[in-house]
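Here is the structure we will look at, set down as structure tokens.
The values are calculated or read from the model by the stated rules, or taken from the named source; none is laboratory data. All of these numbers come straight from a predicted model, not from anything done at the bench. Here the Cβ positions follow ideal geometry from the backbone for every residue, glycine too, while neighbour counts run over all protein chains shown.
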Amino acid sequence: MAQQPNENGNMADAAAKENGLGASTAGPGGRPPARRRFALKSRTSLVLAGFIVAFAICAGFYFWYSGRYESTDDAQVDGHIDPVSARVAGHIDRVYVDNGQAVTAGTLLATIDSSDYQNDYDHAKAAYDQAVADDRAAQLEALVTGTNTTDRIEETRAGLKVAQTNIAASQQALEVAQAGQRQAQAQNELASKNLKRAEQLVLQKVISRQSYDQDETTARSTAAALAASQSKVAAAIKRVAQAKAQLDQARAELQDALSGPDQVAAAKAKAQSTAAAVKKAQATLAQARLNLQYTHITAPASGIIGNKGVEIGQNVSPGQVLMDLVQVDDVWVTADFKETQLRRIRVGQAVDIHVDAYGKDYKGRVASIGAATGEQFSLFPPENATGNYVKVVQRIPVKIVFNRDENRKHRLRPGMSVEPKVWIQ
């Protein structure tokens, strides 16, 4: 009895016909023949081989590319952060900047009340001028003392006569000035009385307003003349005092000249003392000038103000940090590479620096490699002689500088996280 083809066999025959194969090419149970299975296996092997080759190429390229550089994510932007501190104690009276403000070198940041330091400077200046004057007088006195005693006596006697003449002339000038003062005072009193009478008369409309104005002008003029005469008298009195001082000095010099050669040694010693006093006064004046200058706190460099902790009215002491100045135009990268990564890193190698804040790459180069690991510069360096040593891969800081004009917009700030990639090939 003939067997009827089942449903699966009919479907297999139909599929075989659609693929261009006759129904006679299907094997028992609808399976492809051995040649068909071989073709399918060959195509599968080719695809798998292609994937393996592509993977090998990608892996080779990756290992080749990754072997061309060394990178680390333990890196940040560094820069000069200058602490701005007070150099003298005092009271802050003005603050001119705030956090985030850009300043240039020499910009005035804050001022300390300079009243006390100005007084100290004025006193030091006066003491210095006095010391210079004393030194000049002492040097002159030593020079005069070293000459012939007889000549000195004659000179001092002549000086005494000149001083006496000067005091006589100054006293005469004083008398003339006093006479002028008395005359001006009398005229002023007369003008004042006339003005008072004119005030009454103008109120009573006996005289005109113009006449009263003339009397008032005359009174003012005589008052001014009186003041001028008083100034002349004061000046004349001062000249008399000066002439008396000169006379006293001339008498003293004459007595000194009469004392003989013993004064020569004393004069030289005095000159040396006054010269030393000048140097001492000069040093005091220089320090007072510096202290006065230190009341103006200026920026040591160009940068941006940060960490400002000073306010108006605050009392500060020498060395107290008032604010920090970040030099944004001079920044670099400190990258802590593992010691195993330094095998092929050299100074001068090119670096790509990826800044996380901006998602941008900057160009730079290796400037230097640290002198020791970071652990060696810590407050308590590790001591490995205890017998409990555990080997840990250390990190050594590498300084990377930016190429010229890479940071011309000054967008980089110290502390920013970066990822440097050092090209070692």
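Kindly check whether there is at least one residue in region 276-299 that is among the small types (Gly, Ala, Ser), outside the structural domain of Asp120 (by TED's automatic domain parsing), part of a loop (DSSP other than H, G, I, E, B) and within 41 Å of the chain's Cα centre (by Cα).
Here is the first cut: in region 276-299, the residues among the small types (Gly, Ala, Ser) are 276-277, 281, 283, 286, 288, 299.
Okay, now just the ones that are also outside the structural domain of Asp120 (by TED's automatic domain parsing), so 299.
Next, only the ones that are part of a loop (DSSP other than H, G, I, E, B) stay: 299.
When the remaining residues are screened for being within 41 Å of the chain's Cα centre (by Cα), the result is 299.
Yes.
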Of all residues in region 74-107, how many are assigned to a loop (DSSP other than H, G, I, E, B) and more than 20 Å from Gly309 (Cβ to Cβ)?
4
Can we say Lys232 is in contact (Cβ under 8 Å) with a residue 40 or more places away in the chain, among the basic types (Lys, Arg) and surrounded by fewer than 19 Cβ atoms within 10 Å (Cβ to Cβ)?
yes
Boolean, Ser221 is over 21 Å from Ser170 (Cα atoms) and assigned by TED's automatic domain parsing to the domain that holds Arg157
yes
Given Phe38, Phe61, which one is outside any strand (DSSP E or B), more than 30 Å from Gln349 (Cβ to Cβ) and at pLDDT below 75?
Phe38
What number goes with the only condition from (1) under 30 Å from Ala357 (Cα atoms); (2) more than 14 Å from the chain's Cα centre (by Cα); (3) surrounded by 14 or more Cβ atoms within 10 Å (Cβ to Cβ) that Asp82 does not pass?
(2)
Complete set of residues in region 392-425 that are within 22 Å of Arg344 (Cα to Cα) and part of a loop (DSSP other than H, G, I, E, B)
Val392, Val393, Gln394, Asn403, Ile424, Gln425
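Taking the condition of being out of contact with any strand residue (DSSP E or B) (no Cβ under 8 Å at 6 or more places or on another chain), aliphatic (A, V, I, L, M) and farther than 13 Å from His123 by Cα, how many residues in region 286-300 meet it? Steps first, please.
Of the residues in region 286-300, the ones out of contact with any strand residue (DSSP E or B) (no Cβ under 8 Å at 6 or more places or on another chain) are 286-293.
With the extra rule that they be aliphatic (A, V, I, L, M), the set shrinks to 286, 288, 290, 292.
Still in the running and farther than 13 Å from His123 by Cα: 290.
Here the count works out to 1.
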